[in-house]
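Asker: Sending over a structure as structure tokens; questions will come in a sec.
Taken together, the values in this text are just the output of simple stated rules run on the coordinates, not laboratory data. Just so you know, these numbers come straight off a predicted model, no measurement behind them. Cβ: placed from backbone, ideal geometry, glycine included. Neighbour counts: every protein chain shown.
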Amino acid sequence: MEKKIEAFCIMLIVTLLLIFVRILYQPGTESERGELYTFSNGWYQLKDGKKTELKLPCFVTADKDGQIILYNDMLSEADKGKILSIQGIQDQLEVCIGDRLLYQYKDNRFEKNRQMKGKIWADISLPEKIGQEVLSISYETKKNARLYVYAPMIGEFCFLFRQHLLESIFSILMILGMTGLGIVSVIVFLYTRHRQIVEKRFLNVALFLILCSLWCIFDSGIYQMYGSQNAAGTLISFYAFMTMPVPMLLFVQNTVSESVRWIPQVWIFLLYANAVLQGFLYFLFRIPFIDMLFITHLLLFTGVVSMILLLWKEYRKTQEKEVNLCLKAFGVLGISGVIALVLYWVLSIYWYESIFQFGILLYIAVLFCGLLCKVSNNIQFCLEQEVYRRMSLEDRMTDMKNRKSFEMYLEEIQEGAILLENVLLLFVKIAELKKINDMSGRQMGDETVIRTARSIQSAERSVLEQQADDMLCSNK
């Protein structure tokens with residue numbers, strides 16, 4: 001049963017990935033592809049009055065002032081009005097044509113770090129009149145530093161946008177996978193609750209995936225380029241990143257024994273305190289979130305390590321398969337997190353998040369499969385228990401109710417009689433009650449209600465006694 005559920009989940013994920021790839025990837029005709037091309041030829045750099053030819057992408061060395069200026073005079077009239085798209089704005093990118101400044105990067109109200117700028121494309125509209133003016137691209141970096149310059153792309157906006165989507169296809173698929181698993185988690189929780197099996201960890205998984213999706217969406221280069229409120233979106237992504245471990249700490253808290261549940265609770269408190277403290281520092285002292293990001297990374301790393309140690313000790317003590325599965329999932333998350341941190345802090349690579357997103361998806365897939373197997377076993381056990389209970393109330397030879405069923409029925413009658421002993425008044429609808437109150441007064445009306453209630457009580461007792469006698473005779 002467990003293998004079938006696991007195989008079904010894998011097939012479902014693969015099918016969804018193929019469908020999403022087919023939706024997003026639409027190759028088009030040759031003429032359409034010709035509207036978008038890589039502008040890699042014709043670039044040169046002036047050093048000591050000499051022209052040095054370059055073919056992008058390539059490494060370019062900055063001068064003693066830390067400046068890199070590349071020139072190109074191969075723009076034609078066919079390029080007028082199109083979009084020039086340049087990847088990476090982390091080195092103070094400026095684009096000019098002749099003496100006209102076409103683009104200069106400036107931070108909005110929310111400052112971005114170098115890694116975030118590295119995954120953003122600068123989309124620049126070329127003027128309607130190009131003429132013989134020279135296109136120039138300049139960067140500012142460290143003295144004599146080597147900078148890898150990507151080849152720009154030129155084309156219509158719709159084709160460039162599609163190209164940007166294709167380059168972000170991995171993150172898009174990760175977001176869709178997280179959202180889909182979150183919806184499935186909510187559906188499974190509602191179904192199991194209907195079956196009288198309350199498994200709150202499905203809600204923990206769903207909330208974690210929702211926060212991860214928010215972080216991935218608002219932290220993506222696509223949103224940073226085309227989002228109308230990217231400053232607010234970046235703020236949401238930071239808070240989603242700071243709080244998304246909380247649901248999984250609750251997951252661990254609901255998995256381990258009660259004596260050690262205080263450990264995840266301490267980390268939950270630390271994460272909430274970190275989010276509140278960074279918010280105060282930003283709004284009161286204008287300290288950028290990117291300058292405090294190392295605190296969140298340190299909390300996440302140490303939190304994952306502490307949960308791995310906690311689950312390892314719990315597994316050694318209980319030897320439960322569920323704890324072992326949770327331990328393996330946190331191991332996968334820890335490995336992907338360490339790789340992502342190395343790519344982020346040591347190598348400053350902008351696609352570090354893809355590694356972490358893939359690790360999150362594997363982590364959730366392992367936990368989700370384990371939860372599904374556990375719930376399916378619980379449902380099967382409950383169904384078998386209900387079948388055995390019903391069989392215990394029937395005679396196997398005649399399929400009639402047995403003595404145990406009769407005794408349970410007598411207990412129900414006794415419980416009903418005890419409830420009726422405390423009944424003094426029943427709210428009943430008596431015809432012409434208002435008329436009685438008007439003619440004889442409210443006291444007479446109240447006495448009428450009391451007499452009616454007592455009559456119903458005595459009649460109910462006689463009916464119950466008669467049913468008990470009939471049941472006793474039938475069992476004899």
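Asker: Once you compute Rg and the Kirkwood Rh from C-alpha atoms, what is the Rg to Rh ratio for segment 168-385? Each step should come with its number before you reach the end.
Answerer: On the way: Rg = 18.1 Å, Rh = 18.3 Å.
Dividing the radius of gyration by the Kirkwood radius yields 0.99.
Asker: Next question. Against the empirical 2.2 N^0.38 Å scaling, what ratio does the C-alpha Rg of segment 264-372 come to?
Answerer: Here the Cα radius of gyration is 1.23 times the empirical estimate.
Asker: On full extension of the chain, what length is gained from Asn254 through Lys80, given 0.36 nm per residue of separation minus the C-alpha to C-alpha distance?
Answerer: 56.5 nm
Asker: What number comes out for the charge environment of Gly81, summing +1 per Lys or Arg and -1 per Asp or Glu over other residues with Cβ under 11 Å away?
Answerer: After counting each charged neighbour, the total is -1.
Asker: Here is a further query. With an 8 Å Cα cut-off and a minimum separation of 6 or more residues, compute the relative contact order for segment 168-385 in percent.
Answerer: Contact order relative to length: 18 percent.
Asker: How much length would be gained if the chain were fully extended between Ala151 and Phe301, taking 0.36 nm per residue of separation minus their Cα-Cα distance, in nm to one decimal?
Answerer: 50.4 nm
Asker: Right, something else. Go ahead and run the numbers for FRET between Asp291 and Thr179, Cβ-Cβ distance against an R0 of 35 Å, rounding to 0.05. It would help to have the intermediate numbers written out before the result.
Answerer: On the way: r = 31 Å, r/R0 = 0.89.
Calculated value: 0.65.
Asker: Mind computing the radius of gyration and Dmax over the alpha-carbon atoms of segment 38-155? Å is fine for both.
Answerer: Calculated on Cα positions, Rg and Dmax stand at 14.0, 41 Å.
Asker: Explain nothing, just the number: dipole magnitude of segment 150-212 about its Cα centre with +1 on each Lys and Arg Cβ and -1 on each Asp and Glu Cβ, in debye rounded to the nearest 20.
Answerer: It comes to approximately 440 debye.
Asker: For the modelled label position 7 Å from the Cα of Lys317 along Cα-to-Cβ, which residues of segment 246-289 have backbone nitrogen atoms closer than 18 Å?
Answerer: 250-267
Asker: Here's a follow-up. Normalising by the residue count of segment 311-393, find the relative contact order in percent from Cα pairs under 8 Å and 6+ residues apart. Walk me through the numbers before you get to the answer.
Answerer: Values: 51 pairs, mean separation 22.3, N = 83.
About 27 percent, as a whole number.
Asker: List the pairs from Lys47/Lys117; Lys328/Lys374; Lys51/Lys117 whose alpha-carbon separation is above 23 Å, in the order I gave them.
Answerer: Lys47/Lys117; Lys51/Lys117
Asker: Just grab the label-to-label distance for Trp345 and Val266, each label 7 Å out from Cα along the Cβ direction, in nm (one decimal).
Answerer: Once both label points are built, they end up 2.1 nm from each other.
Asker: Moving on to the next point. Could you tell me what % of all Cα pairs in segment 142-280 have separations over 28 Å?
Answerer: Summing the P(r) of segment 142-280 above 28 Å gives 39 percent of all pairs.
Asker: Could you tell me whether segment 218-280 comes out rounded, prolate or oblate from its Cα gyration tensor? Rule is a ≥ b ≥ c as square roots of the eigenvalues, rounded for a/c under 1.5, then prolate if a/b exceeds b/c, otherwise oblate.
Answerer: oblate
Asker: Moving to a separate point now. By average Cβ neighbour count within 10 Å, what is the ranking of 138-146, 81-89 from highest down?
Answerer: In descending order of packing, they fall as 81-89, 138-146.
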